[in-house]
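**Q** Please find one structure pasted underneath; my questions will follow.
The values are calculated or read from the model by the stated rules, or taken from the named source; none is laboratory data. Not measured: the values here are computed from a predicted model. Here the Cβ is made from the backbone with ideal geometry for all residues, glycine too, and neighbour counts use every protein chain on show. Ligands, DNA and RNA are excluded from the accessible area calculation, which covers all protein heavy atoms including side chains. Shrake-Rupley method; radii C 1.70, N 1.55, O 1.52, S 1.80 Å.
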Amino acid sequence: MFLFLAFGTCTISQATERVLRVAVLTNSPPMSYIGDVGQLVGFNVGLAQALCEEMEVRCALTVVPLEHVIDSVATGKFDFSAVSLLDTPERRAKVLLSKPYYRSTSIWFAKPGIEPGTSSVRVAMVAGSAQFRYAQARSWKITTVQHHSELPALLVDGKVEAVLIPMTTSLTLRKDQSIQSLGLVTTVMSQAELSGDVCYAIDPKNPELRDSINKAFDKIKQDGRFDRLNSKYLPFRLQ
């Protein structure tokens, strides 16, 4: 089920101009999550707002599960997604992708000695993610969740022995007090399927919007808005 949050992120240039529909995630800090007073915040949320301001359009943000993002954009339910998506051939076959706005790797998070690919190890990951597709193709024992916030409980309760997650998600997970006593360690997974350029998905019937988003990315990187969001939400530089 989609959760409509009705965020008007900037002024509208004409009274009759349509609102751009933007898919976002929740419970995926530091990229997008619900803040202390109930508002949707995070790096991707701020970035979407900055892009819409630069394009001089109004955008409505709607929370969707990751596994529905690509198909929802591909079928025109959303104009674009403010979701960190690895650039893959499968995704390019369905949607347009923006220019990359950073590069990512994936992180294996488990107790020492538990190695990726061990047949007896049960691994948790978010449904619809690049990590899920990688594990599924290799017939790993998989437990899927809808949100990254569900992962700590699975580790604490011993329902999984490891998680496979994006680099940015690992920042929050490592700080979770409920799992700090488990002695988990991180391993960078740099396989091609798990690392690479990160983009936004755009309605395949709207190449003009892709061009506008790409120009807006260039502008907000040039004028410092991208860096300010980077500093606000992340402890390392994305570019």
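**Q** What do you get for trypsin sites (Lys or Arg not before Pro) in the stretch 187-233 restricted to DSSP loop and a cutoff of at most 13 other Cβ within 10 Å of the site's Cβ?
**A** 205
**Q** Quick check for you: with a 1.4 Å probe and neighbouring chains kept, what is the accessible area per residue of the chain, in Å²?
**A** In whole numbers, the chain has 47 Å² accessible per residue.
**Q** Right, here's the next one. Once both labels are modelled 7 Å past Cα along the beta-carbon direction, what's the residue 136-residue 177 spacing in nm?
**A** Result: 3.7 nm between the two label points.
**Q** Between residue 208 and residue 36, what is 0.36 nm times their sequence separation minus the Cα-Cα distance? Round to one decimal in nm.
**A** Fully extending the segment from residue 208 to residue 36 adds 58.3 nm.
**Q** Just want to confirm a number: the relative contact order over the chain, from Cα pairs under 8 angstrom separated by 6+ residues, in percent.
**A** This gives 27 percent for the chain.
**Q** Which entry is the computed Cα extents along the principal axes in Å for this structure: [x] 202, 46, 35; [y] 59, 37, 34; [z] 58, 42, 34?
**A** Computing Cα extents along the principal axes in Å and matching it to [x] 202, 46, 35; [y] 59, 37, 34; [z] 58, 42, 34 gives [y].
**Q** Of 99/232; 77/141; 94/219; 77/175; 77/99, which pairs sit farther than 25 Å apart, going by alpha carbon to alpha carbon?
**A** The answer is 77/141; 94/219; 77/175.
**Q** Give me the distance in nm between label points sitting 7 Å out from Cα along the Cα-to-Cβ direction at residue 119 and residue 71, one decimal.
**A** Here the modelled spin labels are 3.2 nm apart.
**Q** What is the percent carbon and sulfur in the accessible area of the chain, measuring with a 1.4 Å probe over the protein chains and ignoring ligands? Display every interim value, and only then the final one.
**A** Numbers: 5640 of 11200 Å².
Whole-percent figure for carbon plus sulfur exposure: 50.
**Q** Still on this model: Sorted by accessible area with a 1.4 angstrom probe, largest first, how do 202, 70 fall?
**A** So, going from the largest accessible area down, we get 70, 202.
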